[in-house]
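Asker: Sharing a structure here in structure tokens format.
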Amino acid sequence: MYSDKVMDHFSNPRNVGEIENADGIGMVGNAKCGDIMKMFIKVEKNVITDVKFKTFGCGAAIATSSMSTEMVKGKTIEEAMALTNKAVAEALDGLPTQKIHCSMLAEEAIHAAIEDYKKKQQQGD
Amino acid sequence: MNRIYLDNAATTPVAAEVLQKMLPYFSDVYGNASSIYATGREARKALENARATVAAAIGAKPNEIYFTAGGSESDNWAIKGAAYANSGKGKHIITTAIEHHAVLNTCQYLEKKGFAVTYLPVDEFGRVTAEQVQAAITPETILITIMAANNEIGTLEPIEEIGRVARNHKTLFHSDAVQAMGAIPVDVVKWGVDMLSMSAHKIHGPKGAGVLYLKNGVRVDPLIHGGAQERGRRAGTENLAGIVGTAEAVRLATKDLQEKAAKISALRDRLIAGVIKTIPDVRLNGHPTERLPGNANFSVKFIEGEGMLLRLDMAGIAASSGSACTSGSLDPSHVLLAIGLPHEIAHGSLRFSISDKTVQEDIDEVLRVLPGIVNTLRDMSPIMA
Ligand SMILES: Cc1ncc(COP(=O)(O)O)c(C=O)c1O
Ligand SMILES: [Zn+2]
């Protein structure tokens, strides 16, 4: 059902954990639908220098969390905002159609963390 | 890797004895059971022997046994057939909220066709009572359909008591005994059922083969129209190899039942005790005692079922879950919601189903690897306290 890439990211997820004093935190999904993702980002000079996640969810949810953190690490805020769930799914060599729902959350979680970062920036000014 | 199969409620491997019995009927005894020449007569004889074997196993008469293409067909036939044949008397059906989809979706279909269906709620253990059934009966009620044992949480329903209620009200009573066969004694007379569904592949028989018991005198419309097979009630050239395999599977499954059930439930209890002891925040779903000997269903808090299944699979262990992401829908299992579990706890369900081929080492291997799997996933969980 899952590609080798998905299984790789599911069984050895990259960037699991939390960042203390994160510059942005995004949490999306809910326990009712079965998937929750929480993303933590560290930003320096408009570049995402570190990113970590925690996910409650299926294999696709965990694998897309892992892959999306890899894809935004070292990227500028603008580049990271341009991340789409389609790109994440492609990087994982595709996902079963009934799992597209779960893969949307990765994009949403990254975006939510960035929005949180921007909000904090404005408040800080 | 040594593969450990603990998903016997989903399906089972065909037993070697069953396969041996089936093989001649693919090519040696290829005749059509309706033909008059020798190979046809031989097929006919095998068919009627199979019918007698299945009948004897459940306390029925041979002419009350009808071979179908599996549990789903048997459920569909019993429910639609009885509904359509008896709609002149009334259009109300009683069932439960925790039936298999073969029953639930058939009832929902009938609702669209103008029938009214009562879905009885169950208690926290998944039990419905005869009193609930009694209270739901109206003069319009023509059919009660309630499973003997639930496939997800293993809860046994009080079929005998419900049978008494059905008889008192002269209402047809169907029971889906797909999971009960070979696990608990099934006796159609003692249970007071008019119709009963079975499936071969859950008891080491072939897939795509099943049985509907139809008590003599019960009126049901055919589901499959055509030739005069199965006394004109279920058309189609008989799947003889499947039928012979079904009969042998039924015979083996009901042989030494008590001994096998005792052995299987001891393994189940070892698994339940071990999981509860070694993993915090776990609950057993289903009834503590009134449950299938081979069923252990847990909810593991703070994590989701599919992740556990995938990691168990990597460790060579096959199990199942009622989480949304394994069912391919957005909602977790209707059975787990019906026993009152909140969504997030229903998503973390894990079902192991044991057979008489399971050994203690299999259970101990699960107990060895599961705590680590749960820890890994909990370390990743944003809702873990
Ligand atoms: C309780 C119950 N009823 C019906 C069925 C359907 O049986 P089959 O797979 O033979 O169509 C199953 C199996 O999934 C079951 O567990
Ligand atoms: Zn999912």
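Each reported figure results from applying straightforward, stated rules to the coordinates on display, with no laboratory input. Given the structure is predicted, the values throughout are model-derived calculations rather than measurements. In this analysis, Cβ positions are derived from the backbone assuming ideal geometry, glycine residues included, and neighbour counts consider all displayed protein chains.
Asker: At a threshold of 8 angstrom on Cα-Cα distance, excluding pairs fewer than six apart, so keeping six or more, what relative contact order does chain B reach in percent?
Answerer: Numbers: 797 pairs, mean separation 82.7, N = 385.
About 21 percent, as a whole number.
Asker: Shielding of B:339-347 by partners, i.e. mean partner chain Cβ atoms within 10 Å per residue? Numbers along the way, then the final one.
Answerer: Details: counts 0, 0, 0, 2, 5, 7, 1, 3, 8.
If you average over the peptide's residues, the count of other-chain Cβ atoms is 3.
Asker: Remind me, relative contact order of chain A in percent, using alpha carbon pairs under 8 angstrom and six or more residues apart? Write down the numbers at each step before the final one.
Answerer: On the way: 239 pairs, mean separation 39.9, N = 125.
Worked out over chain A, it gives 32 percent.
Asker: I'd like the distance separating the alpha-carbon centroids of the range B:140-180 and the range B:253-319, in whole Å.
Answerer: 25
Asker: Show that you can apply the helix-only estimate: for chain B, add -39,500 (n - 2.57) for every DSSP H stretch of four or more residues, divide by all residues, and state [θ] at 222 nm to the nearest 500.
Answerer: On the way: 16 runs with 164 residues, N = 385.
Mean residue ellipticity, 222 nm, calculated: -12500 deg cm²/dmol.
Asker: So if R0 is 25 Å, what FRET efficiency would B:LYS207 and B:TYR37 give, r being the distance between their Cβ atoms, rounded to the nearest 0.05? Please list the in-between numbers first.
Answerer: Working: r = 31 Å, r/R0 = 1.22.
The pair B:LYS207/B:TYR37 has a calculated efficiency of 0.25.
Asker: In terms of modelled amide H atoms, which long-range or inter-chain residues lie less than 5 Å from the amide H of B:ASP176?
Answerer: Excluding prolines and chain starts, which carry no amide H, the hits are B:ILE146, B:MET147, B:ALA148, B:SER197.
Asker: With springs connecting C-alpha atoms under 10 Å apart, model chain B as a Gaussian network and identify which of B:ALA315, B:ALA16, B:ALA130 has the largest mean-square fluctuation.
Answerer: Fluctuation is largest for B:ALA16.
Asker: Mind sorting A:MET67, B:MET181, A:MET7 by how few other Cβ atoms lie within 10 Å of their own Cβ, fewest first? Each step should come with its number before you reach the end.
Answerer: Numbers: A:MET67 24, B:MET181 30, A:MET7 17.
Least to most surrounded, the residues fall as A:MET7, A:MET67, B:MET181.
Asker: Then there's this: Using only the C-alpha atoms of the protein assembly as shown, find the volume of their convex hull and express it per residue in Å³. Mind showing how you got there, number by number?
Answerer: Details: hull volume 84.6 nm³, N = 510.
Spread over its residues, the Cα hull of the protein assembly as shown gives 166 Å³ apiece.
Asker: Quote the FRET efficiency, to the nearest 0.05, computed for A:ASN30 versus B:ASP379 with a Förster distance R0 of 30 Å and r equal to the Cβ-Cβ distance. If you can, show how the numbers build up before the last one.
Answerer: Working: r = 21 Å, r/R0 = 0.69.
About 0.90, to the nearest 0.05.
Asker: Under 13 Å from the Cα of B:LYS80, which aspartates and glutamates turn up, not counting those fewer than eight places away in the same chain?
Answerer: Partners found: B:GLU111, B:ASP221.
Asker: Here is a follow-up. Over the Cα atoms of the range B:79-142, how large are the radius of gyration and the largest Cα-Cα distance (Dmax), in Å?
Answerer: Looking at the range B:79-142, its Cα Rg and Dmax stand at 11.8, 37 Å.
Asker: If you add up the charges near B:THR68, with Lys and Arg at +1 and Asp and Glu at -1, over every other residue whose beta carbon is less than 15 angstrom from its beta carbon, what do you get?
Answerer: Details: positive: B:ARG51, B:LYS80, B:LYS202, B:LYS207, B:ARG231, B:ARG233, B:ARG234; negative: B:GLU64, B:GLU73, B:ASP75, B:ASP176, B:ASP221, B:GLU230, B:GLU238.
Within the 15 Å Cβ shell, the charges total 0.
Asker: Quick one: if you take sqrt(5λ) for each eigenvalue of the C-alpha gyration tensor of the range B:159-284, what semi-axes come out, biggest first, whole angstrom?
Answerer: On the way: eigenvalues 219, 86, 35 Å².
Result for the range B:159-284: semi-axes of 33, 21, 13 Å.
Asker: Could you pull out every residue, at least 5 positions away or on a different chain, whose amide H is within less than 5 Å of the one on B:ASP7? Hs are placed 1.01 Å off N in the peptide plane, and Pro or chain starts have none.
Answerer: Those qualifying (amide H under 5 Å, at least 5 residues apart or on another chain) are B:SER353.
Asker: Filter the cross-link list B:LYS61/B:LYS357; A:LYS32/B:LYS202; B:LYS61/B:LYS255; B:LYS89/B:LYS202; A:LYS5/A:LYS45; B:LYS21/B:LYS260 down to pairs whose alpha-carbon distance in this structure exceeds 25 Å. It would help to have the intermediate numbers written out before the result.
Answerer: Numbers: B:LYS61/B:LYS357 31 Å; A:LYS32/B:LYS202 32 Å; B:LYS61/B:LYS255 19 Å; B:LYS89/B:LYS202 35 Å; A:LYS5/A:LYS45 32 Å; B:LYS21/B:LYS260 22 Å.
Result: B:LYS61/B:LYS357; A:LYS32/B:LYS202; B:LYS89/B:LYS202; A:LYS5/A:LYS45 exceed 25 Å.
Asker: Please give, to one decimal in nm, the separation of the simple spin-label points placed at B:LYS61 and A:ASP93, each 7 Å out from Cα toward the Cβ.
Answerer: That separation, rounded to one decimal, is 6.1 nm.
Asker: Moving on to the next point. Show me, for the range A:21-28, the HN-Hα J-couplings you get by feeding each phi into the Karplus relation (A = 6.51, B = -1.76, C = 1.60, θ = phi - 60°), rounded to Hz, glycine and proline as x.
Answerer: 6, 5, 7, x, 10, x, 10, 9
Asker: Extension gain B:ALA235-B:GLU361, at 0.36 nm per residue separation less the Cα-Cα distance, in nm?
Answerer: Numbers: separation 126, 0.36 × 126 = 45.36 nm, distance 4.63 nm.
Length gained between B:ALA235 and B:GLU361: 40.7 nm.
Asker: Which value, in nm² and rounded to one decimal, describes the direction-averaged projected area of the C-alpha convex hull of the range A:4-120?
Answerer: On the way: hull surface 25.8 nm².
Over all viewing directions, the range A:4-120 projects a mean Cα-hull area of 6.5 nm².
Asker: Let me ask something additional. Per DSSP H run of at least 4 residues, take -39500 (n - 2.57); add these up for chain A, divide by its residues and hand me the 222 nm value, nearest 500 deg cm²/dmol. Working shown, then result.
Answerer: On the way: 5 runs with 59 residues, N = 125.
Value at 222 nm, helices only, nearest 500: -14500 deg cm²/dmol.
Asker: On to the next question. Once you sort the root eigenvalues of the Cα gyration tensor of chain B as a ≥ b ≥ c, which label holds: rounded (a/c under 1.5), prolate (a/b larger than b/c) or oblate (the other case)? Display every interim value, and only then the final one.
Answerer: On the way: a/c = 2.09, a/b = 1.33, b/c = 1.57.
In terms of gyration-tensor shape, oblate.
Asker: How well do other chains shield peptide B:298-307, expressed as the mean number of their Cβ atoms within 10 Å of each residue Cβ?
Answerer: Shielding by partners across B:298-307 averages 4.
Asker: Right, another one. From the phi of every residue in the range B:248-256, what ³J(HN,Hα) in whole Hz does the Karplus formula 6.51 cos²θ - 1.76 cosθ + 1.60 yield, where θ is phi - 60° and glycine or proline is x?
Answerer: 5, 5, 5, 4, 5, 5, 9, 7, 6
Asker: May I ask for the distance between the Cα centers of the range A:57-85 and the range B:46-122, given as a whole number of Å?
Answerer: Cα centroid to Cα centroid, the span is 49 Å.
Asker: Which residue, B:LEU271, B:LEU212, B:LEU156, has the most motion in a Gaussian network model of chain B that connects Cα atoms within less than 10 Å?
Answerer: B:LEU271
Asker: Give me the net charge for the shell around B:THR138: Cβ to Cβ below 14 angstrom, other residues only, Lys and Arg +1, Asp and Glu -1.
Answerer: Details: positive: B:LYS89, B:LYS91, B:LYS170; negative: B:GLU140.
Net of charged neighbours comes to +2.
Asker: Determine how many Å³ per residue the convex hull of the Cα atoms of the range B:59-179 encloses. Can you show the working numbers first?
Answerer: Values: hull volume 13.2 nm³, N = 121.
Roughly 109 Å³ of hull volume per residue.
Asker: Let me ask you something else. Counting other beta carbons within 10 Å of each Cβ, put B:VAL193, B:VAL133, B:VAL275, B:VAL218 in order, fewest first.
Answerer: On the way: B:VAL193 32, B:VAL133 28, B:VAL275 22, B:VAL218 19.
Fewest-to-most Cβ neighbours within 10 Å comes out as B:VAL218, B:VAL275, B:VAL133, B:VAL193.
Asker: Under a plain spin-label model, where a point goes 7 Å from the Cα along Cα-to-Cβ, how far apart in nm are A:ASN21 and B:GLU140?
Answerer: Spacing of the two 7 Å Cα→Cβ label points: 6.9 nm.
Asker: Between the alpha-carbon centers of the range B:10-31 and the range A:9-51, tell me the distance in whole angstrom.
Answerer: What the calculation gives is 54 Å, centre to centre.
Asker: What's the local net charge at B:ALA209, with K and R +1, D and E -1, over the other residues with C-beta under 15 Å away?
Answerer: Working: positive: B:LYS21, B:ARG51, B:LYS202, B:LYS207, B:ARG234, B:ARG251; negative: B:GLU73, B:ASP75, B:GLU230, B:GLU238, B:GLU248.
Summing Lys/Arg as +1 and Asp/Glu as -1 gives +1.
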